[in-house]
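Below is one structure, written out as structure tokens; comments come after it.
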Amino acid sequence: WPYLLGLDLSDNQLSGPLPSALDNAMNLTYIELCCQGGTNGGFQGRLPAEWGSLTKLEFLSLRENNLTGAVPEQWGNLSSLQWLDLGANRLSGTLNAVGTLRNLKELDLHNNQFTGQVPGGLGECRDLVIFNASQNQLSGPLSAALGNATDIQAIDLCCQGGTNGGFQGSLPAEWGS
């Protein structure tokens, strides 16, 4: 698949696991597989760790599927990624892998089951404009480092459920700069 640059199969009734073989499409910059069909439809299973080798990938949307498991650590290698939308799935685990993505402009992780703290590494995303991790199970203190994302226009962290009780403490003063 050396000539494939983009793949948009959004708003269909596709189902089953995500294909790990896309890692062979080394020039792929755009993947949109969102909105595949309600609460029981859509892609299921884990995010392919193999996709971490798609270093030219700039846009990835897997919103509104039934994906489970954690974001693979290998996805921290997606050095060109600017737009990541994993919202409205059943993903879990920590956000450590996305905390290493330095070129993000928009990050949408809403309505999943992510736990732990918001990674301070997101503050290194100087071009980050929108960060939505609402409706998860995140907790702990909010990182002052997120204030380093100087282009940020919207942060949505509302409605954190789970047994950890959401965030504690006050908003870091650095967020106001």
### Query
Can you name the number of the only condition in (1) at positive phi; (2) modelled with pLDDT under 95; (3) open to solvent by less than 50 Å² (accessible area, probe 1.4 Å) that residue 98 fails?
(1)
### Query
Based on what the data block shows, is residue 111 at pLDDT below 95, open to solvent by 60 Å² or more (accessible area, probe 1.4 Å), farther than 20 Å from residue 175 by Cα and not in a strand (DSSP E or B)?
no
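Conditions tested, residue by residue: (1) more than 13 Å from residue 14 (Cβ to Cβ); (2) surrounded by fewer than 19 Cβ atoms within 10 Å (Cβ to Cβ).
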position	(1), (2)
33	no, no
36	no, no
53	yes, yes
57	yes, no
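Quick one: is residue 176 open to solvent by less than 10 Å² (accessible area, probe 1.4 Å) and either among the acidic types (Asp, Glu) or modelled with pLDDT under 95 (or both)?
On the way: open to solvent by less than 10 Å² (accessible area, probe 1.4 Å): no; either among the acidic types (Asp, Glu) or modelled with pLDDT under 95 (or both): yes.
So residue 176 fails the test.
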### Task
Output the number of residues of the range 140-160 satisfying the condition of being surrounded by fewer than 18 Cβ atoms within 10 Å (Cβ to Cβ), over 16 Å from the mean Cα position of the chain (by Cα) and within 18 Å of residue 110 (Cα to Cα).
4
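Mind listing whichever residues of the range 88-100 are touching an Asp or Glu at 6+ places or on another chain (Cβ under 9 Å) and assigned to a loop (DSSP other than H, G, I, E, B)?
Correct list: 88, 89, 96, 97.
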### Residues of the range 1-20 satisfying the condition of being over 13 Å from residue 62 (Cβ atoms), of a type in the set (A, V, I, L, M) and open to solvent by less than 50 Å² (accessible area, probe 1.4 Å)
4
### Message
So residue 87 passes all but one of these: (1) open to solvent by less than 70 Å² (accessible area, probe 1.4 Å); (2) out of contact with any His (no Cβ under 6 Å at 6 or more places or on another chain). Which condition number does it fail?
### Response
(2)
### Query
So which residues in the range 47-102 are under 19 Å from residue 118 (Cα atoms) and of a type in the set (Phe, Trp, Tyr)?
75, 83
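The values are calculated or read from the model by the stated rules, or taken from the named source; none is laboratory data. The model shown is predicted, which means the values in this text are computed figures rather than measured ones. We place every Cβ from the backbone using ideal geometry, glycine too, and count neighbours over all the protein chains shown. Heads up: the accessible areas ignore ligands, DNA and RNA and are worked out on the full protein's heavy atoms, side chains in. Shrake-Rupley method; radii C 1.70, N 1.55, O 1.52, S 1.80 Å.
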